[in-house]
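Novice: Below: one structure in C-alpha cells.
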Amino acid sequence: MSEVVPSGKAGLPAANVATASGAVAAQTEPDMKGWLLKWTNYLKGYQKRWFVLSKGVLSYYRAEHGAGANAGGRSAGGKLSIRRRRKGPRAESKGSMMQCIRAPRSPTRLNTPPDMKKDRKKHKKNQAEMTHTCRGTISLHGALIHTVDSCTFVISNGGTQTFHIKAANEVERQSWVTALELAKAKAIRAMESDEEEEDTAANTIPSEELNLVVRELTFRLENLKTCYDLITKHGATLQRALSELESGDDLANKTKIVSERATLFRISSNAMINACSDYLQTAQTQGHKWSKMLQHERDQKLHLEEMVEQLARQHSHLEQAAHRHRPNATASASDDEDNEFYDAQEEGGSVASQEDSSFILKIPVAHHRRNSNDATGSSSEGEEGNSETQQVLVVTDNLDNMDMTDRISVNSSQALTPTLSNNNQSTKVARRRRTRVPDKPNYPLNLWSIIKNCIGKDLSKIPIPVNFNEPLSMLQRLTEDFEYSEILDKAAQCKDTCEQLAYVTAFTISSYSTTSNRTGKPFNPLLGETYECDRTDDLGWRCINEQVSHHPPMAAQYCEGRGWRCWQEFTMTSKFRGKYIQIVPLGYAHVEFPATGNKFTWRKVTTTVHNIIVGKLWVDNHGDMEIYGEKSAKGVKCHLKYLPYSYFTRDTQRRVKGVVMDNSNQVKWVINGTWDSKIEIAPVTSTSGSAENPVYKTGNYKTAWSRRLPPTDCDKYYNFTILACQLNEPEPNVAPTDSRLRPDQRLMEDGKWNESNGEKLRLEEKQRARRREREAEAEKAAAEGRPYPPYEPVWFSKQQDEGTDSLVHVFKGTYWDAKTKQDWSKCPDIF
C-alpha cells in the first residue's frame, strides 16, 4: 500500500524526464507515501493514516485526506498517489491516458505552456491541501527508528514525539524502515554540512532583491554566451576566407570577402566587449552594495553583542542588589561584577524550623501511568493531559519540645554517613585509591566569545574546546549518581513499601548534590564508548555504562548493589538561551528490590546553568518529579517538587519537598530538605481537613541523606568529590573502549590542554568517518532493495519495556564474564 518514488523520474513519461516540469516534480515528489496504521490512544487504538516521507520529515494525515488520494490516485499497479484530488478522477485518468496515447503523434503537446501551468497549479493545490490537513510531523534528524515485530515499528525523536506505526505486512514494514533510515542519514548529513552556511547567509540580503539581481545577471550572461557564439562563428568564417586568400586565384573578390568577414568579426567582438562591460558593471555595482550591507550587518551584530553584554552586567548588578535586600538573607553579595553571590542557605544548613517543616504542596489529582506513547513523549491525537491538582497542607507535630540537634539525631543509628574507604559490611580489603586529581591549569578563555553565535541551538552541536570541560565523560558523570548508594542499601532493608519509596526518593535527590558547584562540561561519549566501575570491595556495587546511540546521543547504564539493582537510559535535550543553558533529561531510571519485588521508576528534572555571559557560573535544578511504583509496588507513588531559585522568597533556597502516597492516594510519608545539603523524611501520624484540602500531621523527622562535603581545596581541581577523583583513575583489564583510555580526556587531566584539543578533533573526525561509511553502506543496501541492519550496542540490547510497547536498552549480562576471560573481540576501535 506504499509507493517508493525514484528520484528524478516520479510520475513523468519517459520522453519528458528532462523537461522543466519534470525537474519541478522531481524536487517536490515525496520519497515515500502510503497508508499505514498509527497508534492514537487506548480508546481508539490503531487508526488508518496517510503517511508522506519527504526531505527528512515524516508527516501523516487523517483518513479524509487519504481518501481523496485513494479514490483518484490508484495506479495500474495498485500503488497510491496523492496527485489527483479533483472530482471525476476516472475522467481525469482517462484524459491523461489519451494524452499519453497521442504523445507520439504530437510530442510537443505535453510541453506546451498551458500544460505546464496546469501542472504547477495542480501541484500548488495538492501542497495546500496537504498543509491544511496535516495532523503531525516528526523530523528524522536525531530520531530513533526501531522494529517492534514483523509489522510494527516505532519512531521517536528522543522525548517529545513518538509514532507507533503498523504496516500491512513485513515487506511493507521493511520498505518503510529502510526508506526512513536512508532519509535520516541524508537529513543528518545535510544539516551538518549546511547549518553553518545557512546561519551566516540568513537575512543578509532580502530574497526578492536577490532574485532580481540574479535574473539580471543571468540575462547579461546569456548575452555574453550569444556574443561568444557569434565570435566563434565569424572567426571560423574569417579563418576559412584567409586560407582561401593564400591560393592566389581571383584575389580582388577574395579580398572583399575577407574584409566583410573581418567587419562581422569586429562587430561581434565589440558586442562581446560591451556585454562584458555591462556584466562587470552590474556585478561591481551590486557587489559594492552587498559589501556595504554585509558590513552594516556586522556592525549591527557587534553592537548587539555589546548591548547584550551590557544588559547582562546590569542584570547581574540587579541580582546582587536583590540578594542584599532579600528577606532572611544571611550571605552578602560581592561588589565585584565578575563574582557571583552565593545562596543564603549555607552548605550543611538544616530545614529544622517550624516554618520550613510545614508547607503546602500541589499534587496531581490523577496519576497517568507511563504507557507505550508517553514513555518517551506522547504523540496521541486529540487527548489532553489532566492538569487538575489537589492542594495539601503538611504540618509537623511535637517539634516545640525538640531542639535542632535532637531532631536531626532522631534515629541516629540510621543516619547514613559512611566513608568511601571504610565500610563495616565489607569482608575484602579495599584497594587504596587516589583522593585528588592534578590541579586545573589557568587558561583564561571567554565562553561567551565561543557560544554567542549558538543561541537557540542544541548544546551537543556546539563545538566547545576542552577548556570548558572537566576530565570526565558523561558515562562517568552518570556513575556519580551512586555516590550515596548506602541510601539504597537502607531502602532494601525496609519492609514497608512507602518507607522504602521515601528512601528511594532521597537517593534520587542525592544525585544532584554535586551539581551546585560543578560547572564543567563532561566529555560527550563516542558511539560504542563504555565505562565500568567495580566498587564491590568498598561500596558494595558495580556499574557498567555504554553509549548506545549517537543521533540522538543516548547512554545505557546498569548497576547492581546490596539487595538492589538500578538501570537507566539517559538522553537529553539542551538549548542555549543567551544568559543560561537549560538541560532537560529524557528517558527513565529504574530501581528494583528483588527481595520484595518492588520496582520504582522516575525521570530527572531540568538543570539550568546561569551567568553564561558574565559573572560566576551557578547551577539550579527545578521542576516536578514523579516516582511511581511497579510490580509489587504498583499504585504507590511520590510527587516531588524542586523549587526554582528565587531572590524574592522567604523559602529556603534549593528546597525540595514532596509526599509519598499509597495505592489509595493517602499520604504516608513526607519528604523535605535541600538538594545540595540534606533530605529528611517523616511518617504521617494523622489526617484532618476536607477531602479537597487535607491536612497531614507528621511525626519526628529523621535524616535520610546528608551530603559529604568535598575537600576544602577542591576548587583547584574542578570541584571534584573524592569519588569523582577516583572515577578516571587508571585501572587494569578494562575494555579497550573504556573512558579511562580516552586519550583527549587523559591529556586534559594531565594538564596538556592544547594536545587534548587536537586529540579531541581527531577522535570526532574518526567517528564522523565511521558514520559516513555506515551511511554509504545503508544507501547501497537501499538501492539494492535489501535491509541494512542498524547499529547494535555490544553490552546492551533492545527489548520491550515491561507494560509498554517501547523498546529500551537492557543489559545483556555478559560484560563481567568477558572481563574475567579478557575477551574484548566484540569491542569496536573507537580511540
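The values are calculated or read from the model by the stated rules, or taken from the named source; none is laboratory data. All of these numbers come straight from a predicted model, not from anything done at the bench. We place every Cβ from the backbone using ideal geometry, glycine too, and count neighbours over all the protein chains shown. Side chains included, ligands, DNA and RNA excluded: accessible areas come from the protein's heavy atoms. Shrake-Rupley method; radii C 1.70, N 1.55, O 1.52, S 1.80 Å.
Novice: Just the number please: accessible area per residue for the stretch 212-315, 1.4 Å probe, all protein chains included, in Å².
Specialist: The answer is 73 Å² per residue.
Novice: Follow-up question, since we're still on this one. What's the FRET efficiency of Lys575 with Gln666 using the Cβ-Cβ distance as r and R₀ = 45 Å, to the nearest 0.05?
Specialist: So the FRET efficiency works out to roughly 0.70.
Novice: In whole percent, and with a 1.4 Å probe on the protein chains, what portion of the accessible area of the stretch 445-818 is carbon and sulfur?
Specialist: Looking at the stretch 445-818 in its full context, I get 51 percent from C and S.
Novice: Something else now. Going by accessible area, probe 1.4 Å, with all protein chains left in place, what is the ranking of Glu592, Glu784, largest first?
Specialist: Sorted by accessible area, descending: Glu784, Glu592.
Novice: Averaged per residue, what accessible surface does the stretch 481-637 expose to a 1.4 Å probe, in Å²?
Specialist: 26 Å²
Novice: If you restrict to DSSP beta bridges whose two residues both lie in the stretch 445-818, what percentage is antiparallel, to the nearest 5?
Specialist: Of the beta bridges lying entirely in the stretch 445-818, close to 95 percent run antiparallel.
Novice: Let me ask another. Give the carbon-plus-sulfur fraction of the accessible surface of the stretch 212-315 in %, rounded to a whole number; probe 1.4 Å, heavy atoms of protein chains only.
Specialist: C and S atoms contribute 59 percent here.
Novice: Counting pairs of Cα atoms in the stretch 620-750, how many percent are more than 19 Å apart?
Specialist: Above the 19 Å cut-off, the stretch 620-750 has 67 percent of its Cα pairs.
Novice: Follow-up question, since we're still on this one. Mind jotting down the distance between the C-alpha centroids of the stretch 781-831 and the stretch 151-187, whole Å?
Specialist: What the calculation gives is 19 Å, centre to centre.
Novice: Right, here's the next one. Among Glu764, Glu216, what's the order by accessible area (1.4 angstrom probe), most exposed first?
Specialist: Glu216, Glu764
Novice: Around Lys668, with a cut-off of 12 angstrom between Cβ atoms, what is the net charge of the other residues, counting Lys and Arg +1 and Asp and Glu -1?
Specialist: -2
Novice: For the stretch 492-554, compute Rh as the Kirkwood radius over C-alpha pairs and then the Stokes-Einstein diffusion coefficient at 10 °C and 1.306 mPa s; write the answer in µm²/s, rounded to an integer.
Specialist: My calculation gives 106 µm²/s for D.
Novice: Sequence gap at least 6, Cα distance under 8 Å: using those rules, report the relative contact order of the stretch 445-818 to the nearest whole percent.
Specialist: 15 percent
Novice: Now a separate question. List the equivalent ellipsoid semi-axes of the stretch 445-818 in whole Å, largest first, each obtained as the square root of 5λ for an eigenvalue λ of the Cα gyration tensor.
Specialist: For the stretch 445-818, the ellipsoid semi-axes come out as 36, 26, 21 Å.
Novice: When you count, for each residue, the other Cβ atoms within 10 Å and take the mean per peptide, how do 263-273, 617-627, 807-817 rank with the highest first?
Specialist: Highest to lowest by the protection proxy: 617-627, 807-817, 263-273.
Novice: In whole Å, what is the distance between the alpha-carbon centres of the stretch 618-696 and the stretch 210-234?
Specialist: Using only Cα atoms, the two centres lie 75 Å from each other.
Novice: Around Ile231, with a cut-off of 14 angstrom between Cβ atoms, what is the net charge of the other residues, counting Lys and Arg +1 and Asp and Glu -1?
Specialist: Charge balance near Ile231 sits at +3.
Novice: At 10 °C and 1.306 mPa s, what whole-number value in µm²/s does Stokes-Einstein give for the translational diffusion of the stretch 212-280, with Rh from the Kirkwood sum over Cα pairs?
Specialist: Stokes-Einstein gives a translational diffusion coefficient of 119 µm²/s.
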